[in-house]
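The values are calculated or read from the model by the stated rules, or taken from the named source; none is laboratory data. On a predicted model such as this, the values are computed, not experimentally measured, just so you know. Note that we place each Cβ from the backbone using ideal geometry, even for glycine, and neighbour counts take in every protein chain shown.
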Amino acid sequence: MAKAGINLENVRIKNRVSILRTLNANGAMPRKDIAAILELTPAAVTILCHELIEEGIIIEKGEVEEEKRAGRKKLLIDINRNYKYIIGINIEPDFTYLSIADLKGDSILSKKIDTDNTVSPGSYLRMINNNCIRMLWEADIQKNDILGIGVGIIGSVDRDNGISRAAYDIWQEEVPVKEIIEKELLLPVFIDNNVRAFALGEIVYGRSRDVDNMLFMKWGPGVGSAVVINKEIYVGENFKSSSLGHFIVDRNGSLCRCGRRGCIETIASKGAVYKAIKEIVSKENAVELLERLSGNIQNLNVDNVFDYIDSSDEPIQRYINGIIENLAIILSNAVTLLSPRRVLLFGKAFENKEIYNRFVENYKLINNGSYKEDFIVTSSIMQKLNYIGPVAIVANKMLFNETVK
(Lines give C-alpha, C1' and ligand atoms only; values in the text may rest on other atoms or scores of the structure.)
Protein backbone atom coordinates (compact mmCIF):
# COMPACT_ATOMS: atom_id res chain seq x y z
CA MET A 1 0.00 0.00 0.00
CA ALA A 2 2.81 2.39 0.86
CA LYS A 3 4.38 1.81 -2.54
CA ALA A 4 1.09 2.49 -4.29
CA GLY A 5 0.74 5.71 -2.31
CA ILE A 6 4.20 6.85 -3.38
CA ASN A 7 3.43 6.04 -7.01
CA LEU A 8 0.17 8.01 -6.87
CA GLU A 9 2.03 10.98 -5.39
CA ASN A 10 4.59 10.72 -8.19
CA VAL A 11 1.80 10.80 -10.77
CA ARG A 12 0.19 13.81 -9.09
CA ILE A 13 3.46 15.76 -9.06
CA LYS A 14 4.21 14.79 -12.66
CA ASN A 15 0.77 15.97 -13.78
CA ARG A 16 1.10 19.26 -11.86
CA VAL A 17 4.43 19.92 -13.55
CA SER A 18 2.96 18.98 -16.93
CA ILE A 19 0.22 21.57 -16.44
CA LEU A 20 2.79 24.24 -15.58
CA ARG A 21 4.94 23.31 -18.57
CA THR A 22 1.92 23.46 -20.86
CA LEU A 23 0.98 26.91 -19.60
CA ASN A 24 4.57 28.09 -19.90
CA ALA A 25 4.74 26.90 -23.51
CA ASN A 26 1.30 28.08 -24.66
CA GLY A 27 0.29 30.95 -22.38
CA ALA A 28 -3.17 31.33 -20.86
CA MET A 29 -5.47 28.41 -21.68
CA PRO A 30 -8.79 26.89 -20.59
CA ARG A 31 -8.63 23.76 -18.41
CA LYS A 32 -10.40 21.79 -21.12
CA ASP A 33 -7.61 22.50 -23.63
CA ILE A 34 -4.94 21.53 -21.11
CA ALA A 35 -6.73 18.23 -20.49
CA ALA A 36 -6.80 17.55 -24.25
CA ILE A 37 -3.08 18.30 -24.70
CA LEU A 38 -2.02 16.19 -21.71
CA GLU A 39 -4.59 13.45 -22.35
CA LEU A 40 -5.91 13.77 -18.81
CA THR A 41 -9.53 13.83 -17.73
CA PRO A 42 -11.06 17.31 -17.34
CA ALA A 43 -11.88 16.37 -13.74
CA ALA A 44 -8.24 15.56 -12.94
CA VAL A 45 -7.04 18.83 -14.48
CA THR A 46 -9.69 20.78 -12.58
CA ILE A 47 -8.58 19.28 -9.25
CA LEU A 48 -4.89 19.95 -9.91
CA CYS A 49 -5.56 23.48 -11.16
CA HIS A 50 -7.59 24.16 -8.01
CA GLU A 51 -4.56 23.12 -5.92
CA LEU A 52 -2.24 25.35 -7.94
CA ILE A 53 -4.62 28.31 -7.68
CA GLU A 54 -4.93 27.82 -3.92
CA GLU A 55 -1.13 27.90 -3.68
CA GLY A 56 -0.97 31.03 -5.82
CA ILE A 57 1.15 29.40 -8.55
CA ILE A 58 -1.47 29.87 -11.26
CA ILE A 59 -4.30 32.38 -11.63
CA GLU A 60 -7.58 32.71 -13.49
CA LYS A 61 -7.43 35.54 -15.99
CA GLY A 62 -10.42 36.33 -18.13
CA GLU A 63 -12.66 34.35 -20.41
CA VAL A 64 -12.74 33.33 -24.05
CA GLU A 65 -15.79 32.30 -26.06
CA GLU A 66 -15.93 28.69 -27.23
CA GLU A 67 -15.75 28.39 -31.02
CA LYS A 68 -18.49 25.79 -31.44
CA ARG A 69 -20.85 26.98 -28.72
CA ALA A 70 -21.91 30.59 -29.12
CA GLY A 71 -22.28 32.43 -25.83
CA ARG A 72 -20.47 29.72 -23.85
CA LYS A 73 -17.39 31.06 -22.07
CA LYS A 74 -14.20 29.21 -21.12
CA LEU A 75 -12.21 30.53 -18.16
CA LEU A 76 -8.51 30.98 -18.89
CA ILE A 77 -5.77 30.07 -16.43
CA ASP A 78 -2.12 31.04 -16.55
CA ILE A 79 1.09 30.93 -14.51
CA ASN A 80 1.10 33.70 -11.92
CA ARG A 81 4.24 35.54 -12.99
CA ASN A 82 4.41 37.28 -9.61
CA TYR A 83 3.96 34.18 -7.45
CA LYS A 84 7.70 34.18 -6.81
CA TYR A 85 10.74 35.90 -8.28
CA ILE A 86 14.15 34.63 -9.34
CA ILE A 87 17.57 36.21 -8.91
CA GLY A 88 19.86 35.66 -11.89
CA ILE A 89 23.64 36.14 -11.66
CA ASN A 90 25.68 35.92 -14.86
CA ILE A 91 29.44 36.17 -14.27
CA GLU A 92 31.47 37.02 -17.38
CA PRO A 93 35.18 37.98 -17.53
CA ASP A 94 34.53 41.73 -17.88
CA PHE A 95 31.11 42.25 -16.35
CA THR A 96 28.68 40.53 -14.01
CA TYR A 97 24.97 40.91 -14.72
CA LEU A 98 22.46 40.77 -11.87
CA SER A 99 18.72 40.56 -12.40
CA ILE A 100 15.48 39.96 -10.56
CA ALA A 101 12.96 38.33 -12.90
CA ASP A 102 9.40 37.04 -12.70
CA LEU A 103 8.35 33.48 -13.51
CA LYS A 104 7.73 34.39 -17.15
CA GLY A 105 11.40 35.26 -17.52
CA ASP A 106 10.91 39.03 -17.71
CA SER A 107 13.36 41.22 -15.82
CA ILE A 108 12.01 43.53 -13.12
CA LEU A 109 15.32 45.05 -12.13
CA SER A 110 18.80 44.62 -13.63
CA LYS A 111 22.28 45.78 -12.75
CA LYS A 112 25.70 45.50 -14.41
CA ILE A 113 28.88 45.60 -12.35
CA ASP A 114 32.54 45.17 -13.22
CA THR A 115 33.85 41.67 -12.63
CA ASP A 116 36.68 42.13 -10.14
CA ASN A 117 39.35 39.45 -10.48
CA THR A 118 41.82 41.39 -8.32
CA VAL A 119 40.15 40.20 -5.11
CA SER A 120 39.62 36.67 -3.83
CA PRO A 121 36.65 34.73 -5.27
CA GLY A 122 35.00 34.73 -1.83
CA SER A 123 35.32 38.50 -1.52
CA TYR A 124 33.88 39.05 -4.99
CA LEU A 125 30.94 36.71 -4.40
CA ARG A 126 30.18 38.52 -1.14
CA MET A 127 30.18 41.76 -3.13
CA ILE A 128 27.61 40.18 -5.45
CA ASN A 129 25.55 39.10 -2.43
CA ASN A 130 25.49 42.68 -1.14
CA ASN A 131 24.33 43.94 -4.52
CA CYS A 132 21.54 41.34 -4.59
CA ILE A 133 20.33 42.45 -1.16
CA ARG A 134 20.28 46.09 -2.31
CA MET A 135 18.34 45.13 -5.43
CA LEU A 136 15.70 43.30 -3.37
CA TRP A 137 15.31 46.42 -1.27
CA GLU A 138 15.04 48.63 -4.38
CA ALA A 139 12.42 46.33 -5.93
CA ASP A 140 10.53 46.08 -2.61
CA ILE A 141 10.69 42.28 -2.73
CA GLN A 142 11.03 40.16 0.41
CA LYS A 143 13.50 37.30 0.59
CA ASN A 144 10.70 34.77 1.11
CA ASP A 145 9.28 35.85 -2.26
CA ILE A 146 12.41 34.55 -4.02
CA LEU A 147 12.16 31.08 -5.56
CA GLY A 148 15.92 30.73 -5.84
CA ILE A 149 19.15 32.11 -7.23
CA GLY A 150 20.66 30.97 -10.52
CA VAL A 151 24.32 31.54 -11.39
CA GLY A 152 25.85 31.23 -14.85
CA ILE A 153 29.64 31.33 -15.13
CA ILE A 154 32.20 30.63 -17.83
CA GLY A 155 34.38 27.55 -17.81
CA SER A 156 34.04 24.14 -16.20
CA VAL A 157 31.21 23.95 -13.65
CA ASP A 158 30.27 21.08 -11.33
CA ARG A 159 26.58 21.92 -11.25
CA ASP A 160 25.70 19.01 -8.94
CA ASN A 161 27.88 20.39 -6.14
CA GLY A 162 27.70 24.06 -7.09
CA ILE A 163 31.42 24.45 -7.76
CA SER A 164 33.14 26.57 -10.39
CA ARG A 165 36.13 24.44 -11.31
CA ALA A 166 38.00 26.90 -13.53
CA ALA A 167 36.61 30.19 -14.81
CA TYR A 168 39.15 31.49 -17.31
CA ASP A 169 40.10 35.16 -16.80
CA ILE A 170 38.14 35.31 -13.52
CA TRP A 171 39.68 32.71 -11.21
CA GLN A 172 41.67 29.56 -11.84
CA GLU A 173 41.02 27.62 -8.64
CA GLU A 174 37.90 25.70 -7.63
CA VAL A 175 35.35 28.00 -6.02
CA PRO A 176 32.33 26.72 -4.01
CA VAL A 177 29.98 29.33 -5.49
CA LYS A 178 26.77 27.71 -4.24
CA GLU A 179 28.06 27.36 -0.68
CA ILE A 180 29.32 30.95 -0.44
CA ILE A 181 26.11 32.53 -1.78
CA GLU A 182 23.72 30.23 0.11
CA LYS A 183 25.53 30.79 3.40
CA GLU A 184 24.93 34.54 3.26
CA LEU A 185 21.63 34.89 1.42
CA LEU A 186 19.96 31.75 2.86
CA LEU A 187 18.27 30.96 -0.45
CA PRO A 188 18.59 27.90 -2.72
CA VAL A 189 21.36 28.41 -5.29
CA PHE A 190 21.90 26.54 -8.56
CA ILE A 191 24.85 27.09 -10.89
CA ASP A 192 25.92 26.02 -14.38
CA ASN A 193 28.19 26.98 -17.24
CA ASN A 194 26.92 30.21 -18.82
CA VAL A 195 26.42 28.83 -22.34
CA ARG A 196 24.61 25.72 -21.08
CA ALA A 197 22.46 28.02 -18.96
CA PHE A 198 21.49 30.12 -21.98
CA ALA A 199 20.64 26.95 -23.90
CA LEU A 200 18.33 26.00 -21.05
CA GLY A 201 16.84 29.51 -21.26
CA GLU A 202 15.93 28.83 -24.88
CA ILE A 203 14.33 25.51 -23.91
CA VAL A 204 12.32 27.03 -21.05
CA TYR A 205 11.48 30.47 -22.43
CA GLY A 206 12.40 30.51 -26.14
CA ARG A 207 10.78 29.47 -29.39
CA SER A 208 12.56 26.11 -29.51
CA ARG A 209 10.67 24.40 -26.68
CA ASP A 210 9.46 21.72 -29.09
CA VAL A 211 12.91 20.96 -30.56
CA ASP A 212 14.53 17.90 -28.98
CA ASN A 213 18.06 18.12 -30.39
CA MET A 214 19.90 21.42 -30.82
CA LEU A 215 23.37 22.86 -31.11
CA PHE A 216 24.09 26.33 -29.73
CA MET A 217 26.97 28.51 -30.91
CA LYS A 218 27.88 31.76 -29.17
CA TRP A 219 30.11 34.46 -30.64
CA GLY A 220 30.81 37.35 -28.31
CA PRO A 221 32.66 38.07 -26.13
CA GLY A 222 34.31 34.68 -26.82
CA VAL A 223 33.19 31.59 -28.71
CA GLY A 224 31.10 29.06 -26.79
CA SER A 225 28.68 26.23 -27.43
CA ALA A 226 26.20 23.85 -25.87
CA VAL A 227 24.51 20.66 -27.04
CA VAL A 228 20.91 19.68 -26.29
CA ILE A 229 20.00 16.00 -26.69
CA ASN A 230 16.40 14.92 -26.06
CA LYS A 231 15.77 18.32 -24.43
CA GLU A 232 18.58 17.73 -21.93
CA ILE A 233 21.75 19.82 -21.79
CA TYR A 234 24.72 17.56 -22.48
CA VAL A 235 27.51 17.67 -19.90
CA GLY A 236 30.78 15.94 -20.74
CA GLU A 237 33.47 14.35 -18.61
CA ASN A 238 34.80 16.53 -15.78
CA PHE A 239 31.68 18.72 -16.09
CA LYS A 240 32.92 20.30 -19.31
CA SER A 241 30.57 21.68 -21.90
CA SER A 242 31.05 21.06 -25.61
CA SER A 243 33.48 23.79 -26.60
CA LEU A 244 33.56 24.85 -30.24
CA GLY A 245 35.63 27.86 -29.16
CA HIS A 246 38.59 25.59 -28.59
CA PHE A 247 38.59 23.88 -31.97
CA ILE A 248 42.09 24.40 -33.37
CA VAL A 249 42.27 26.32 -36.65
CA ASP A 250 46.03 27.05 -36.68
CA ARG A 251 48.46 24.65 -34.99
CA ASN A 252 51.11 27.37 -34.89
CA GLY A 253 48.73 30.12 -33.85
CA SER A 254 48.58 32.25 -30.73
CA LEU A 255 48.57 30.71 -27.28
CA CYS A 256 45.00 30.28 -26.02
CA ARG A 257 43.93 30.71 -22.41
CA CYS A 258 43.18 26.95 -22.39
CA GLY A 259 46.91 26.28 -22.81
CA ARG A 260 46.82 25.14 -26.44
CA ARG A 261 47.72 27.07 -29.57
CA GLY A 262 45.54 28.22 -32.43
CA CYS A 263 42.04 27.80 -31.00
CA ILE A 264 39.38 29.76 -32.90
CA GLU A 265 38.92 31.89 -29.78
CA THR A 266 42.44 33.30 -30.24
CA ILE A 267 41.24 35.13 -33.37
CA ALA A 268 37.49 35.47 -32.75
CA SER A 269 37.24 36.73 -29.14
CA LYS A 270 36.45 40.40 -28.70
CA GLY A 271 39.96 41.05 -27.39
CA ALA A 272 41.55 39.45 -30.46
CA VAL A 273 39.18 41.23 -32.85
CA TYR A 274 39.84 44.59 -31.19
CA LYS A 275 43.60 44.11 -31.41
CA ALA A 276 43.42 43.05 -35.07
CA ILE A 277 41.15 45.91 -36.18
CA LYS A 278 43.31 48.52 -34.43
CA GLU A 279 46.34 47.09 -36.21
CA ILE A 280 44.53 47.15 -39.56
CA VAL A 281 43.50 50.79 -39.08
CA SER A 282 47.07 51.78 -38.19
CA LYS A 283 48.47 50.22 -41.38
CA GLU A 284 45.72 50.51 -43.98
CA ASN A 285 42.95 52.80 -45.12
CA ALA A 286 39.72 52.23 -43.17
CA VAL A 287 37.65 55.24 -44.25
CA GLU A 288 34.20 53.86 -43.47
CA LEU A 289 35.13 52.66 -39.98
CA LEU A 290 36.82 55.94 -39.07
CA GLU A 291 33.76 57.83 -40.29
CA ARG A 292 31.56 55.77 -37.97
CA LEU A 293 34.03 56.48 -35.15
CA SER A 294 33.80 60.25 -35.77
CA GLY A 295 37.33 60.21 -37.13
CA ASN A 296 38.89 59.01 -33.88
CA ILE A 297 40.12 55.43 -33.55
CA GLN A 298 40.21 55.96 -29.77
CA ASN A 299 36.40 55.69 -29.85
CA LEU A 300 36.88 52.01 -30.64
CA ASN A 301 37.35 49.84 -27.56
CA VAL A 302 37.26 46.19 -26.58
CA ASP A 303 33.66 46.48 -25.35
CA ASN A 304 32.16 48.05 -28.49
CA VAL A 305 34.31 46.39 -31.17
CA PHE A 306 31.55 43.95 -32.21
CA ASP A 307 29.39 46.95 -33.16
CA TYR A 308 31.81 47.66 -36.01
CA ILE A 309 32.70 44.23 -37.43
CA ASP A 310 30.28 44.79 -40.33
CA SER A 311 32.52 47.61 -41.61
CA SER A 312 32.61 47.83 -45.41
CA ASP A 313 36.33 48.61 -45.42
CA GLU A 314 37.96 45.84 -47.48
CA PRO A 315 40.83 44.93 -45.10
CA ILE A 316 38.44 44.66 -42.15
CA GLN A 317 35.95 42.65 -44.19
CA ARG A 318 38.75 40.31 -45.24
CA TYR A 319 39.74 39.70 -41.62
CA ILE A 320 36.18 39.22 -40.33
CA ASN A 321 35.28 36.98 -43.27
CA GLY A 322 38.23 34.77 -42.36
CA ILE A 323 36.81 34.33 -38.86
CA ILE A 324 33.33 33.69 -40.23
CA GLU A 325 34.64 31.04 -42.62
CA ASN A 326 36.50 29.26 -39.81
CA LEU A 327 33.42 29.35 -37.57
CA ALA A 328 31.24 28.01 -40.39
CA ILE A 329 33.68 25.13 -41.00
CA ILE A 330 33.73 24.31 -37.28
CA LEU A 331 29.93 24.36 -37.16
CA SER A 332 29.66 22.19 -40.26
CA ASN A 333 31.95 19.59 -38.69
CA ALA A 334 29.96 19.67 -35.44
CA VAL A 335 26.68 19.26 -37.34
CA THR A 336 28.13 16.27 -39.21
CA LEU A 337 29.03 14.68 -35.88
CA LEU A 338 25.89 15.53 -33.88
CA SER A 339 23.13 15.83 -36.52
CA PRO A 340 20.99 18.34 -34.58
CA ARG A 341 17.54 19.37 -35.74
CA ARG A 342 18.37 23.06 -35.29
CA VAL A 343 21.35 25.35 -34.73
CA LEU A 344 20.84 28.45 -32.61
CA LEU A 345 23.27 31.35 -32.81
CA PHE A 346 23.61 33.96 -30.11
CA GLY A 347 26.06 36.50 -28.77
CA LYS A 348 26.96 40.07 -29.67
CA ALA A 349 28.44 39.28 -33.09
CA PHE A 350 25.43 37.29 -34.28
CA GLU A 351 23.07 40.10 -33.24
CA ASN A 352 24.41 41.91 -36.32
CA LYS A 353 22.18 40.82 -39.21
CA GLU A 354 24.94 41.37 -41.80
CA ILE A 355 27.31 39.08 -39.89
CA TYR A 356 24.57 36.47 -39.38
CA ASN A 357 23.76 36.47 -43.11
CA ARG A 358 27.44 36.15 -44.07
CA PHE A 359 27.80 33.24 -41.66
CA VAL A 360 24.79 31.35 -43.07
CA GLU A 361 26.01 31.93 -46.64
CA ASN A 362 29.44 30.54 -45.70
CA TYR A 363 27.79 27.50 -44.14
CA LYS A 364 25.74 26.91 -47.30
CA LEU A 365 28.85 27.26 -49.47
CA ILE A 366 30.79 24.75 -47.36
CA ASN A 367 27.91 22.29 -47.68
CA ASN A 368 27.52 22.72 -51.46
CA GLY A 369 24.26 24.60 -51.09
CA SER A 370 22.61 21.81 -49.11
CA TYR A 371 20.63 23.66 -46.47
CA LYS A 372 17.20 23.33 -44.91
CA GLU A 373 15.46 26.65 -44.36
CA ASP A 374 15.46 27.81 -40.73
CA PHE A 375 18.06 25.21 -39.78
CA ILE A 376 20.34 27.97 -38.49
CA VAL A 377 18.48 30.68 -36.59
CA THR A 378 19.28 33.35 -34.05
CA SER A 379 17.91 32.84 -30.57
CA SER A 380 14.47 34.31 -29.90
CA ILE A 381 15.60 35.49 -26.45
CA MET A 382 18.79 37.27 -27.52
CA GLN A 383 17.62 40.48 -25.82
CA LYS A 384 17.60 38.58 -22.52
CA LEU A 385 21.09 37.16 -23.02
CA ASN A 386 22.58 38.70 -19.88
CA TYR A 387 20.17 37.09 -17.41
CA ILE A 388 17.79 34.51 -18.88
CA GLY A 389 20.11 31.51 -18.45
CA PRO A 390 20.51 31.75 -14.67
CA VAL A 391 16.78 32.49 -14.33
CA ALA A 392 15.93 29.41 -16.39
CA ILE A 393 18.15 27.23 -14.18
CA VAL A 394 15.99 28.06 -11.16
CA ALA A 395 12.64 27.88 -12.99
CA ASN A 396 13.55 24.48 -14.39
CA LYS A 397 14.70 23.12 -11.02
CA MET A 398 11.99 24.57 -8.80
CA LEU A 399 8.94 24.91 -11.05
CA PHE A 400 9.17 22.53 -13.99
CA ASN A 401 10.97 19.60 -12.36
CA GLU A 402 9.14 16.29 -11.89
CA THR A 403 11.64 14.92 -9.38
CA VAL A 404 9.99 13.99 -6.10
CA LYS A 405 12.12 15.24 -3.22
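Please state which of the following conditions K178 fails to meet, knowing it meets all the rest: (1) touching a residue at least 40 places away in the same chain (Cβ under 8 Å); (2) buried (at least 21 other Cβ atoms within 10 Å of the Cβ); (3) assigned by TED's automatic domain parsing to the domain that holds S107.
(1) is the only condition that K178 fails.
Determine if the stretch 98-110 includes at least one residue that is at pLDDT below 95, touching an Asp or Glu at 6+ places or on another chain (Cβ under 7 Å) and not charged (D, E, K, R).
no
With V335, V360 as the choices, which residue is assigned to a helix (DSSP H, G or I) and touching a strand residue (DSSP E or B) at 6+ places or on another chain (Cβ under 6 Å)?
Only one candidate qualifies: V360.
Against the condition farther than 20 Å from S208 by Cβ and among the hydroxyl-bearing types (S, T, Y), how does S370 come out, does it pass?
yes
How many of the residues making up the stretch 177-208 are in a loop (DSSP other than H, G, I, E, B), closer than 18 Å to C132 by Cα and of a type outside the set (A, V, I, L, M, F, W, C)?
Residues in the stretch 177-208 being in a loop (DSSP other than H, G, I, E, B), closer than 18 Å to C132 by Cα and of a type outside the set (A, V, I, L, M, F, W, C): 1 in total.
Just to confirm my filter: which helices (runs of 4 or more DSSP H) fall fully inside the stretch 225-301 and include at least 3 residues that are surrounded by fewer than 19 Cβ atoms within 10 Å (Cβ to Cβ)?
Counting at least 3 such residues, we get 270-283, 287-292.
Note down all Cβ pairs under 9 Å where the first residue falls in the stretch 91-116 and is at positive phi, the second is of a type in the set (A, V, I, L, M), and they're at least six residues apart or on different chains.
The qualifying pairs are G105/I86; G105/V204; G105/I381; G105/I388; G105/V391; G105/A392; G105/A395.
Report whether or not Y274 is among the hydroxyl-bearing types (S, T, Y), touching a Lys or Arg at 6+ places or on another chain (Cβ under 9 Å) and over 30 Å from D158 (Cα atoms).
no
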